[in-house]
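Take a look at the structure below.
No value in this document is a laboratory result; all are computed from the given coordinates. Since this is a predicted model, take the numbers as computed values, not measurements. Methodologically, a virtual Cβ is constructed for each residue, glycine included, from the backbone with ideal geometry; neighbour enumeration extends over all protein chains shown.
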Amino acid sequence: DTGVSQNPRHKITKRGQNVTFRCDPISEHNRLYWYRQTLGQGPEFLTYFQNEAQLEKSRLLSDRFSAERPKGSFSTLEIQRTEQGDSAMYLCASSSKRGTELFFGEGSRLTVL
Amino acid sequence: EDQVTQSPEALRLQEGESSSLNCSYTVSGLRGLFWYRQDPGKGPEFLFTLYSAGEEKEKERLKATLTKKESFLHITAPKPEDSATYLCAVQASNQFYFGTGTSLTVIP
């Protein structure tokens with residue numbers, strides 16, 4: 001296993017369109033996190049899954065955002081009716097049941113025109 | 001309110017010029033403090049975890065230390081390839097709170 005995988009790496013879309021990002025965590029990791037990062041800022045927490053259960057959601061996660069993790073494996077983050085303010089890097093990270101360190105993917109960069 | 005503050009925001013060093021980056025935090029129930037390196041356009045790369053005051057970790061030219069209120073990332077004799085943004089994060093319960101990072105540039 002080579003680590004956390006995210007795709008697409010880059011997405012350019014027009015305002016009002018829907019986009020979906022996928023994250024494949026490290027295979028034995030049961031915890032999965034989504035973060036958003038804008039230029040010059042640190043990652044901001046969006047949501048967290050333990051197995052298939054979504055346990056926490058940030059206030060940043062408006063009703064246009066939805067995340068799923070069916071069967072506790074890969075996860076998707078969907079943004080509906082995108083706005084220019086959604087332009088950011090969307091980072092996925094996973095951690096094991098024992099470990100606390102987060103291991104990040106390379107991110108999915110979203111540009112909303 | 002849980003908070004992580006990193007300083008300086010940016011640091012320029014000559015190759016071989018040692019320095020330290022600071023991460024101060026206020027969090028209830030600290031479970032761990034983490035250092036990450038992030039290259040432009042890429043995801044953060046894990047460096048260290050520190051759990052208790054007095055703990056130290058080393059990796060090549062980097063050494064991380066932890067007190068009750070702050071952590072330092074010491075860079076000894078840096079090389080140009082150490083240029084990156086260094087992020088600090090703290091874990092409280094199941095959430096991780098990140099600082100805004102220190103952008104390090106090492107000039108040959």
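Looking at chain A from every direction and averaging, what is the projected area of its Cα convex hull in nm²?
Details: hull surface 26.6 nm².
Hull-based average projected area comes out at 6.7 nm².
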Selection from A:Phe49, A:Ser87, A:Thr76 lying farthest towards where the dipole of chain A points positive, charges on Cβ | A:Ser87
Starting from the Cα of A:Asn18, step 7 Å along the direction of its Cβ; do the same at B:Thr5; then give the gap between the two resulting points in nm.
-> 4.4
Hydrodynamic radius by Kirkwood, which averages 1/r over all alpha carbon pairs of chain B, in angstrom | 13.8
Projecting the Cα atoms of B:Val106, B:Thr5, B:Thr85 onto the charge dipole of chain B, where Lys and Arg contribute +1 and Asp and Glu -1 at Cβ, the residue farthest towards the positive end is B:Thr5
B:Lys59: which lysines have alpha carbons under 24 Å from its alpha carbon, excluding same-chain residues fewer than 8 sequence positions away?
-> B:Lys42, B:Lys68, B:Lys69, B:Lys79
Neighbourhood net charge (13 Å Cβ-Cβ; Lys/Arg +1, Asp/Glu -1) for B:Asp39 = -2
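Treat every Asp and Glu Cβ in chain A as -1 and every Lys and Arg Cβ as +1, leave all other atoms uncharged, and give the resulting dipole magnitude about the Cα centre to the nearest 20 debye.
Values: 16 positive and 13 negative charges, 54 e Å.
It works out to roughly 260 debye.
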